[in-house]
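Beneath this line is the structure, given in structure tokens, with notes to follow.
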Amino acid sequence: MDLWESLEQECKSCSRCGLCRTRTNVVFGVGNPNADIMFIGEGPGEQEDLKGEPFVGPAGKLLDDMMSIIDLDRTKVYIANIVKCRPPGNRDPQQEEQEACVDYLYRQIRLVQPKLIVCLGRIAATRLIRPDFRITREHGTWTQINGIPHTAIYHPSALLRDVTKRPETFDDLLSIREKMKELGI
Ligand code: URA
């Protein structure tokens with residue numbers, strides 16, 4: 001068994017936090033494990049929990065549309081979440097749940113070795129970029145972390161709720177495309 005498979009197996013039998021008691025499936029991640037880009041969401045919703053795959057509900061459809069604007073799709077990127085099990089009622093994952101789970105994500109990042117990371121929404125940005133990251137003010141900005149450029153854009157669920165945020169996100173996607181060019185992706 002390789003490192004990726006053993007990480008997936010370990011994650012799928014995890015009981016590090018209470019979310020293991022209410023989950024249907026662990027949502028490990030989807031996409032290309034050799035991708036140059038990772039997209040990181042916050043945690044599975046109802047449909048993701050049922051299917052065991054990230055971003056399969058309405059937010060996922062919008063994420064696919066957003067990626068297609070910059071010629072990306074699920075075969076070219078790797079998509080994962082800060083927490084791998086659904087928080088009941090789609091509440092925000094608690095700090096302790098994030099802390100119990102985020103090591104799986106860091107291990108995924110070390111194995112994928114992406115050239116850039118896109119955080120989807122506040123939870124991913126405050127966990128991966130800076131605890132006081134303000135998504136409304138700082139979306140689309142770039143921060144180098146462990147040699148990897150990180151940015152954050154609005155979460156697709158936020159863009160479903162508030163379409164007025166979409167033009168800013170379009171600009172952020174163009175900035176991601178520029179960064180990709182710069183990095184030879
Ligand atoms: N929202 C997320 O943050 N992640 C998913 O996988 C689905 C919805």
Once label points are set 7 Å from the Cα along Cα→Cβ at both Ser6 and Arg130, what is their separation, rounded to one decimal in nm? 3.8 nm
Let me know the charge dipole size of the chain about its Cα centre in debye, to the nearest 20, where only the beta-carbon of Lys, Arg (+1) and Asp, Glu (-1) is charged. 200 debye
Please go through the residue pairs Lys12/Lys115; Lys84/Lys115; Lys61/Lys179; Lys51/Lys179; Lys61/Lys181 and name each one whose alpha carbons sit more than 28 Å apart in this structure. Lys51/Lys179
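In region 77-185, what percentage of the DSSP-assigned beta bridges are antiparallel, given to the nearest 5?
For region 77-185, the DSSP antiparallel bridge percentage is about 50.
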Glu168-Arg110 pseudo-label distance in nm [points 7 Å out on the Cα-to-Cβ vector]: 3.5 nm
About the Cα centre of region 107-156, how large is the charge dipole given +1 on each Lys and Arg Cβ and -1 on each Asp and Glu Cβ? Please answer in debye to the nearest 20. 120 debye
Sorted by average packing, counted as other Cβ atoms within 10 angstrom per residue and highest first, what order do 55-63, 125-133 take? 55-63, 125-133
Taking Ile40, Ile185 and counting other C-beta atoms within 10 Å, the order from fewest to most: Ile185, Ile40
Treat every Asp and Glu Cβ in region 93-185 as -1 and every Lys and Arg Cβ as +1, leave all other atoms uncharged, and give the resulting dipole magnitude about the Cα centre to the nearest 20 debye. 220 debye
Under 8 Å for C-alpha pairs, at least 6 residues apart: give me the relative contact order for the chain, rounded to a whole percent. 23 percent
Could you point to the residue in Pro156, Gly89, Leu63 farthest towards the positive end of the chain's charge dipole, with +1 and -1 charges on the Cβ of Lys/Arg and Asp/Glu respectively? Gly89
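Let me have the 222 nm mean residue ellipticity of the chain computed from DSSP H runs of 4+ only, each contributing -39500 (n - 2.57), with the sum over all residues rounded to the nearest 500. Could the numbers behind the result be given before it?
Details: 8 runs with 80 residues, N = 185.
Rounded to the nearest 500, the figure is -12500 deg cm²/dmol.
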How far, in degrees from 0 to 90, does helix 3-12 lean away from the longest principal axis of the Cα atoms of the chain, to the nearest 10? 60 degrees
How many times 2.2 N^0.38 Å is the alpha carbon radius of gyration of the chain? 0.96
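Laboratory data are not the source of any read-out in this text; all were calculated from the coordinates shown. Only a predicted model underlies this, so the values are computations on that prediction, with no experimental measurement involved. Positions of Cβ are backbone-derived with ideal geometry, glycine not excepted, and every protein chain shown enters the neighbour counts.
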